[in-house]
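Bear in mind that the values in this text are calculations on the coordinates, not laboratory data. Values in this document were obtained by computation on a predicted structure and should not be read as measured data. Cβ placement follows ideal geometry from the backbone for every residue including glycine, while neighbour counts extend to all protein chains displayed.
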């Protein structure tokens, strides 16, 4: 059987094994259920530390190739996230190619639940972009390998507030390192995306006295920020050029790219979005502009910390606060070794994963 996939739009074929060289994964699973409109992909990057965990996102993808790439990149990020936090999980990710018109959402997610169950516990799913707690509850009717539900499976509810709290501590660490300030009062912070995480983060920053500029395609979301926090709102890509102290990407990935990088007018980039860098060499371009970058899978790990320490709220809060020290150490090592913050973070995660591999051989 051929190992390539073809983009329906471009007709360009991509070999999965070639893709694995650039976006490493252990295995990739496909599930198609025409009766429920489900077209889904689960990528597993590593199970060295435990079963792979990672959210399920349902968004518009231009092609199957783009969906596979997204799943593989996000799965790798989850492996590094769980490793650097020393959690007993591996990394995986699920993506659903969003139908143009969903005829029966419950049926679609029930089918996805059967997909998860077919992997016999190697992958545990959770809420992500385009999915909800209600969707997780439907999945839980078919499998126990699900988090972010209300009562079934590994019930943890909405992880967004905890993700936001971790980003808040990460921003404080970046401000301490880059700007030599303990307080966020008076700082100008631009937030791209004010959904569940972005809103919760904005509230924390506002309470600390930060000035906020935000962008989001949802006018109701931005109006809420105006009403509650006195935020300034800008349209779309205008957020990149805002003269600010911190740019916080809290929407989808690859926002640090050839188009945006020349527009940034900030000292720090620190936000919750996954896969913020379009290509790894973007770290060099950021460094050349004197911009401190907080590695995404470190700063946005609050949600997985909450999930990992269910019914232990004090432990979760301690682990969230510890992200401050983790990021401060990464920033310091990067400066001392003249390496990128991503390079340092990757090295720390890979060392932990390598140690797990060594232990598994004994």
With no solvent term and unit scatterers on the alpha-carbon positions of the stretch 83-197, Debye gives log₁₀ I(q)/I(0) at q = 0.12, 0.20 Å⁻¹ of -0.58, -1.10
Counting only DSSP beta bridges with both partners in the stretch 160-350, the antiparallel fraction in percent, to the nearest 5, comes to 0
Largest-first semi-axes in Å of the equivalent ellipsoid built from the Cα gyration tensor of the chain are 31, 23, 21
Here the equivalent ellipsoid of the stretch 141-200, derived from its Cα gyration tensor, has semi-axes (largest first, whole Å) of 34, 12, 8
Expected sort for 327, 225, 119 with the fewest Cβ neighbours (10 Å cutoff) up front is 119, 225, 327
Residue span residue 335 to residue 287: 0.36 nm per residue of separation minus Cα-Cα distance leaves a gain in nm of 16.2 nm
Nearest-0.05 FRET efficiency for residue 232 and residue 310 at R0 = 45 Å, using Cβ-Cβ distance, is 0.70
Check: C-alpha center the stretch 140-218 vs C-alpha center the stretch 284-332, spacing in Å is 11
For 48-57, 293-302, ranked highest to lowest by mean beta-carbon neighbours within 10 Å, the order is 293-302, 48-57
Taking N as the number of residues in the stretch 160-350, the ratio of its alpha carbon radius of gyration to 2.2 N^0.38 Å works out to 0.95
If the chain between residue 179 and residue 218 were fully extended at 0.36 nm per residue, the gain over the current Cα-Cα distance would be 10.8 nm
Quick note on 176, 165, 312, ordering by fewest other C-beta atoms within 10 Å, gives 312, 176, 165
Helix 105-117 sits off the longest principal axis of the Cα atoms of the chain, rounded to the nearest 10 on a 0 to 90 degree scale, by 80
Final fewest-first order of 78, 58 on the 10 Å Cβ neighbour count is 58, 78
Taking 246-257, 205-216 and ranking on average Cβ neighbours within 10 Å, highest first, one gets 246-257, 205-216
Taking every DSSP bridge whose two residues both lie in the chain, the antiparallel percent to the nearest 5 is 35
